[in-house]
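Only one structure is covered here, and it is reproduced in the block below.
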Amino acid sequence: MEKQEKDVYILAVESSCDETAAAVVKNGRWVLSNVISSQIALHTLYGGVVPEIASRKHIENIDGVIRQALTDAGMTLAEMDAVGVTYGPGLVGALLVGVAEAKAIAFAADKPLIGVHHIEGHICANYIEDKTFEPPYIALVVSGGHSHLVQVSDYGKYEILGRTRDDAAGEAYDKVARAIGMGYPGGPKIDAAAKQGDPNAVRFPRVFLEEESYDFSFSGLKSAVLNYVNKQKMTGEPIVPEDIAASFQQSVVEVLVEKTVKAAKERGMKQVALAGGVASNSALRAGMRAACEREGLSLHIPSPVLCTDNAAMIGCAAYYEYLAGVRDGWDLNANPNLKLGER
C-alpha cells in the first residue's frame, strides 16, 4: 500500500454495543484521543446488555463524546480528512445511533464517510499497539458476541478459517459467571476468581470438533458447568466458585490456543495476533504467549483498553479503507449481521 504524502486524520465513532466511543487517529496508528463512555454499571442491574437502554444512552452520550474526542486531540472537525463509523455487526439500534451521527457530521462538514466492520476494528487494534506490525498473520478474535479465527493476508483482506458454531467465548463466560453467582460482566470476574482457584479441580470437556476444523463450540462446555453446579446442589456437595472458574477458563483457553497455533503452523504464518474483549483475559494472554514461544511464533496483543470496544481501533481500520479508496454514500445503513470481508 502506498505511503501517504500528507498526514491523514480520521474522526471515528463506535456504538455497536454498550460503549459510546469516539477517537481521532492520525495515519491509522497514532491515537490523538480515545474517549469511551461505558454503560456497564447500568446494564449490570439487569445481568446483561439491554439493547433498548443501550440505544437510548448512545443518543444521550454521543454528541458529548465526539466533542470531547476533538477537544482532547486539539483539533477541529474541519481538520479531519474523513469520518469512520462502525456499521456492523452489533445491536441494530445501537449501530443506528452511531451511523446516523457519523452521516450527519460527514454531510455537514463535507467529509468522506467510511463504514467500518467492527471485527476488522478489533483486529486493527494491533497496529496501534505495535506501529511496526504488518500482515500477514493469523488473528484470533474473541469477544462477547464473536469467536473468529482469521487469516489476514493484507490490510482489508481477510479469510475466516473458523468461527463459533454456537456460543461465543465471551458469551460462555457471562453465562457461567451467572451460574456460579458472580454476575455481569462475566469475563473479568471469572478471570479474577480463577486466580484464586485450582484449574484442575474439575475436568470440564475440551471441544475440538473435527480434526481438520478450525471452528469453535462452547455450548457443551457451558452446559457441563451448569450440570456440575446442579449436581453439586442436588447431592449437597460443596460448590467452590473459584475452582469452577479456574477449571472452566482452562478448558476455554486450551481450545483457543491449540486451534490458533495449529492454524498458524498449517498456514505457514509466523505471526499471531489476539483481538476482542476476551483478548484482555490474563490466562488467554499467558497461555498464548507460552505456546507461541514454544512454536517460534511472534505474538501481538493490544493493551486491555484497546481489546474492549473503542473508537481508536475503528479509526485505524477506517484509515486503511481510506487509503484503498473506500467511500460510503449517505445510504450507508446499520447491518447487525455483517460478515467480515463484506461491504
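Measure nothing but the geometry: give the 0 to 90° angle between the long axis through the Cα atoms of 219-235 and the longest principal axis through the Cα atoms of the chain, rounded to 10°. Tilt relative to the chain: about 40 degrees.
Antiparallel beta bridges, as assigned by DSSP with both residues in segment 135-303, represent about 60 percent of the total such bridges.
Amide H contacts under 5 Å for Ala273: Ile138, Ala139, Leu140, His300, restricted to partners 5 or more places along the chain or on a different chain, H placed in the peptide plane at 1.01 Å from N.
Counted over segment 1-106, the DSSP beta bridges are approximately 80% antiparallel. To the nearest Å, what is the center-to-center distance of segment 217-233 and segment 57-82, using C-alpha atoms only? If we compute the Cα centre of each part, the gap is 45 Å.
Within the listed set Ser153, Ser55, Ser217, the residue fluctuating most in the Gaussian network model of the chain (springs between alpha-carbon atoms under 10 angstrom) is Ser153. Label-to-label distance for Gln68 and Lys231 is 4.8 nm, based on points extended 7 Å past Cα in the beta-carbon direction.
Helix 118-129 and the long axis of the chain differ in direction by around 80°, with both axes built from C-alpha atoms. What is the angle, in °, between the Cα long axis of helix 241-266 and the longest principal axis of the Cα atoms in the chain? Nearest 10 is fine, range 0 to 90. Compared with the principal axis, the helix lies near 60 degrees. Strictly over 22 Å apart at the Cα level, which of Lys57/Lys103; Lys195/Lys259; Lys26/Lys131; Lys195/Lys222; Lys6/Lys131; Lys175/Lys195 would you flag in this model? Over 22 Å apart, Cα to Cα: Lys195/Lys259.
If R0 is taken as 41 Å, the Cβ-Cβ distance between Asn337 and Asn200 corresponds to a FRET efficiency of 0.55. Of all DSSP-defined beta bridges confined to the chain, some 60% are antiparallel rather than parallel. By the Cβ rule of 4.7 Å, the chain holds the following cysteines without a possible disulfide partner: Cys17, Cys292, Cys307.
For segment 103-130, the residues whose backbone nitrogen is under 16 Å from a point 7 Å from the Cα of Trp30, taken along Cα to Cβ, are 128-130.
Each reported figure results from applying straightforward, stated rules to the coordinates on display, with no laboratory input. Predicted model, so just to flag it, every value in this text is computed and none were measured. Here Cβ is always computed from backbone atoms with ideal geometry, including for glycine, and neighbour counts include all displayed protein chains.
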